[in-house]
Amino acid sequence: MPGYKRALLWLLGLLMITIGVGHFARPEPFVRIVPDWLPAPLTLVYISGAFEVVGGIGVLLPRTRRFAAWGLVALYVAVFPANLHMALHEIQL
């Protein structure tokens, strides 16, 4: 694997782990962006944070990289409503 790909994988993995841990350390900003029509915002924040940490670790391991990458794509699709809600309602993280 070329060096730049390895560096980008590490960047992605470390960013996902850091952001995922942030969901547990400071959940309030993430709870604010969960749309009102979704139930249990704090629980959803914890679940998405856990998947971010697991996905971040997964992309760093060759055996789980492909599965973790697709898992992160699914996660990005799942959290899109929160990002859209944040943008439409001008909510600051």
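List of remarks:
- Put simply, the C-alpha atoms of the range 48-93 give a gyration tensor, and the ellipsoid matching it has half-axes of 26, 10, 6 Å, longest first.
- Estimated vicinal HN-Hα couplings, Hz - the range 49-65 in sequence order (Karplus 6.51, -1.76, 1.60; Gly, Pro = x): x, 5, 5, 5, 5, 4, x, x, 5, x, 6, 7, 9, x, 5, 10, 4
- Estimated 222 nm signal from helices in the chain, with DSSP H stretches of n ≥ 4 weighted -39500 (n - 2.57), rounded to 500: -26000 deg cm²/dmol
- Per-residue Karplus couplings for the range 21-33, computed as 6.51 cos²θ - 1.76 cosθ + 1.60 with θ equal to phi - 60°, are listed in order as 4, x, 5, 8, 6, 9, x, 3, x, 6, 4, 4, 8 Hz, Gly and Pro entered as x.
- Separation of alpha-carbon centers, the range 1-44 and the range 48-93, rounded to whole Å: 6
- Quarter of Cα convex hull surface for the chain, i.e. mean projection, nm²: 6.2
- On the chain, 73 percent of the accessible area sits on carbon and sulfur atoms, based on a 1.4 Å probe.
- In order along the range 69-80, phi translates into HN-Hα couplings of 4, 5, x, 5, 4, 4, 5, 4, 5, 5, 8, 4 Hz, rounded to whole numbers, per the Karplus curve 6.51 cos²θ - 1.76 cosθ + 1.60 with θ = phi - 60° and x for Gly and Pro.
- Only protein heavy atoms count here; on that basis, with a 1.4 Å probe, residue 6 has an accessible area of about 120 Å².
- Ligands, DNA and RNA are left out, and with a 1.4 angstrom probe the accessible area of the chain is 70 Å² per residue.
The values are calculated or read from the model by the stated rules, or taken from the named source; none is laboratory data. All values reported here derive from a predicted model rather than from experimental measurement. Areas reflect the complete protein model, heavy atoms only, side chains present, ligands, DNA and RNA absent. Shrake-Rupley method; radii C 1.70, N 1.55, O 1.52, S 1.80 Å.
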